[in-house]
Number of protein chains: 2
Amino acid sequence: MARYQVVLAYDGTQFSGFQRQAEARTVQGVFEDALRRIGWAGRAILAAGRTDAGVHAAGQVAAFDLEWAHTPAALAAALNANLPPDVAVRQARPAAPDFHPRYDALGRVYRYRVFCDALRDPLRERYAWRVWPALELELLQQAAAHLPGAHDFAAFGAPPRPGGATIREVLEAGWRLAGDELVFEISANAFLYHMVRRLVSFQISIGQGEVRPEALPGCLDREAPEPVRGLAPPQGLSLVRVLYPA
Amino acid sequence: MARYQVVLAYDGTQFSGFQRQAEARTVQGVFEDALRRIGWAGRAILAAGRTDAGVHAAGQVAAFDLEWAHTPAALAAALNANLPPDVAVRQARPAAPDFHPRYDALGRVYRYRVFCDALRDPLRERYAWRVWPALELELLQQAAAHLPGAHDFAAFGAPPRPGGATIREVLEAGWRLAGDELVFEISANAFLYHMVRRLVSFQISIGQGEVRPEALPGCLDREAPEPVRGLAPPQGLSLVRVLYPA
């Protein structure tokens, strides 16, 4: 029996989120089913984070203990053969016996993709949020520049446990143009519930000129803030990477 | 009553191709349903080309006669409100009364997306073909350089009617690197059935070093050729644009 860690990618469209639920199709559920088919008898896998329903991942990290006589590459192949098309193991390797993908993580990187178009576009809306009127990149960049550092993000989301801390440290945050998409990327030690999607929604109203960029720092570090209202839809969001000590 | 032409985009995954069928979900079927809901009483729309099951389109062109008192932009919006999420009108405009999207077309542009990876990737396989071992771009480019011009493509597909002509004129064809994807783009006056997907499959075996680039011209302009065997899967292919006189 040894501990393994895997990097998982999934298209979140057809999942009720990552975390196992009795009656719903979840990433954890189908992954544990695949593990059982190759001999796993554990109770639950460990994972770096819980993504919401509809949110994608290119770099979710999970860990589990398994009796496995072959190579890690063969483990990845065996799991992929037992997983549905919308989830795959992208990497598998041995881990320290006490490795915990959540507690050992130094941070997470999320990406949110937006495109500006007056008309629906079926080839793009599975992985990006369509926004109209168009956005000004410079306004978005001005807004995002306020995010790095340790801040109280209470206005932008709830902590995992009621009454828990709402201070998070943003390592980097910024918008860039990628083709004709606007891409927001943010890394932080951890995130509040819905935090990235609320930050995106708020910045979209800034990018459309409805709200000034300075309104963003005005919502940070407040003791008992009024929560911001909008929530960007899940399909634009993906968990890109989980950061660990080198 | 006036003739309108529309540019349609669709995600082909959930469609049994473009052309209407009694028992299957098709793009033509759902589009005609949407048209009927805004007052259309025609028998069938006209379209530039029939895409296969699973093939996408960013620039399919269709035409129909309709009594419509509002602007073309309002027509696009009304149709989009009545279409499912995987089809949309990207443009609508008045057309000449005798405009025919197929007969008036000078050519079609198709794109095929490929990526090289040993492991499945759920976030990419909806719109691209995963290929392994990796491909050499230069070999692909050497192969594609043989395509432009008028050639007998009988080895690469069947004509619309049995016994019909198999000569097609390729305007441009080539491979390029786009991020970490290899993209094949080809324009021709018209295409044989399955022609692009057979050309891609054949070139992949060239890019993997199994077949030499010179084998491609060896399959062209043959009177009674042995048909090439492979067929690239539909999800990598999309109809990008239909070309009309300026």
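The values are calculated or read from the model by the stated rules, or taken from the named source; none is laboratory data. Everything quoted here is computed from the prediction, not taken from an experiment. Counting neighbours? That spans all protein chains shown, and the Cβs are built from the backbone with ideal geometry, glycine included. Heads up: the accessible areas ignore ligands, DNA and RNA and are worked out on the full protein's heavy atoms, side chains in. Shrake-Rupley method; radii C 1.70, N 1.55, O 1.52, S 1.80 Å.
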Pairs with Cβ under 6 Å, 6+ apart, first in region A:106-126 and within 14 Å of chain B (Cβ to nearest Cβ) and free of Cβ contacts under 8 Å to residues at least 12 places away in the same chain, second in a loop (DSSP other than H, G, I, E, B) and open to solvent by less than 10 Å² (accessible area, probe 1.4 Å): A:Pro122/B:Asp11; A:Leu123/B:Asp11
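Do you know which of the residues in region A:189-199 that are free of Cβ contacts under 8 Å to residues at least 60 places away in the same chain and under 30 Å from A:Leu123 (Cα atoms) is most open to solvent (accessible area, probe 1.4 Å)? Don't jump to the end; show me each part of the working.
From region A:189-199, those free of Cβ contacts under 8 Å to residues at least 60 places away in the same chain are A:192-193, A:195, A:198-199; that's our starting set.
Okay, now just the ones that are also under 30 Å from A:Leu123 (Cα atoms), so A:193, A:195, A:198-199.
Values: A:Tyr193: 128, A:Met195: 2, A:Arg198: 51, A:Leu199: 0 Å².
It comes out as A:Tyr193.
Please go through region B:29-62 and give me each residue that is part of a loop (DSSP other than H, G, I, E, B), farther than 24 Å from B:Leu237 by Cβ and among the charged types (D, E, K, R), ordered by number.
To start, the set of residues in region B:29-62 that are part of a loop (DSSP other than H, G, I, E, B) comprises B:38-45, B:48-55.
Remaining after also requiring farther than 24 Å from B:Leu237 by Cβ: B:38-44.
Within region B:29-62, B:Arg43 is the sole residue that qualifies.
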Which numbered condition A:Phe202 fails, given (1) surrounded by 18 or more Cβ atoms within 10 Å (Cβ to Cβ); (2) touching a strand residue (DSSP E or B) at 6+ places or on another chain (Cβ under 7 Å); (3) touching a residue at least 24 places away in the same chain (Cβ under 8 Å): (2)
Residue that is surrounded by the most Cβ atoms within 10 Å (Cβ to Cβ) [pool: residues in region B:222-246 that are away from every other protein chain (no Cβ under 14 Å) and out of contact with any helix residue (DSSP H, G or I) (no Cβ under 9 Å at 6 or more places or on another chain)]: B:Val242
Failed condition for B:Ala158, given (1) within 14 Å of chain A (Cβ to nearest Cβ); (2) in contact with a Phe, Trp or Tyr (Cβ under 6 Å, 6 or more places away or on another chain): (1)
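Yes/no per residue for (1) within 21 Å of the chain's Cα centre (by Cα); (2) under 21 Å from A:Met195 (Cα atoms):
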| residue | (1), (2) |
| --- | --- |
| A:Gly42 | no, no |
| A:Ile45 | yes, no |
| A:Gly54 | yes, yes |
| A:Gln60 | yes, yes |
| A:Leu75 | no, no |
| A:Leu79 | no, no |
| A:Asn82 | no, no |
| A:Pro101 | yes, yes |
| A:Leu106 | yes, yes |
Residues (free of Cβ contacts under 8 Å to residues at least 60 places away in the same chain and at the interface with chain B (Cβ under 9 Å from one of its Cβ atoms)) located in region A:76-99: A:Ala77, A:Asn80, A:Leu83, A:Pro84, A:Pro85
Enumeration of residues in region A:127-155 that are within 14 Å of another protein chain (Cβ to nearest Cβ), touching a residue at least 40 places away in the same chain (Cβ under 8 Å) and touching an Asp or Glu at 6+ places or on another chain (Cβ under 8 Å): A:Ala128
Extreme residue, nearest to B:Pro97 (Cα to Cα), among residues of region B:55-75 that are within 13 Å of chain A (Cβ to nearest Cβ) and surrounded by 16 or more Cβ atoms within 10 Å (Cβ to Cβ): B:Pro72
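Being at pLDDT below 95 and more than 11 Å from chain B (Cβ to nearest Cβ) is the requirement here; does A:Gly49 meet it?
Working: at pLDDT below 95: yes; more than 11 Å from chain B (Cβ to nearest Cβ): yes.
Spelling it out, A:Gly49 is indeed at pLDDT below 95 and more than 11 Å from chain B (Cβ to nearest Cβ).
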Cross-chain or 6+ apart pairs with Cβ under 7 Å, region A:162-188 first and surrounded by 20 or more Cβ atoms within 10 Å (Cβ to Cβ), then at pLDDT 95 or above and hydroxyl-bearing (Ser, Thr, Tyr): A:Phe184/A:Tyr112; A:Ile186/A:Tyr110
Count of region A:1-28 residues which are buried (at least 18 other Cβ atoms within 10 Å of the Cβ) and either in a helix (DSSP H, G or I) or aliphatic (A, V, I, L, M) (or both): 7
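Among A:Gln14, A:Gln5, which is the only one that is touching a residue at least 60 places away in the same chain (Cβ under 8 Å) and touching a strand residue (DSSP E or B) at 6+ places or on another chain (Cβ under 6 Å)?
Values: A:Gln14 fails: touching a strand residue (DSSP E or B) at 6+ places or on another chain (Cβ under 6 Å).
It is A:Gln5.
Of the residues B:Leu106, B:Leu135, only one is surrounded by fewer than 18 Cβ atoms within 10 Å (Cβ to Cβ) and in contact with a strand residue (DSSP E or B) (Cβ under 8 Å, 6 or more places away or on another chain); which?
Values: B:Leu135 fails: surrounded by fewer than 18 Cβ atoms within 10 Å (Cβ to Cβ).
That would be B:Leu106, the only listed residue that is surrounded by fewer than 18 Cβ atoms within 10 Å (Cβ to Cβ) and in contact with a strand residue (DSSP E or B) (Cβ under 8 Å, 6 or more places away or on another chain).
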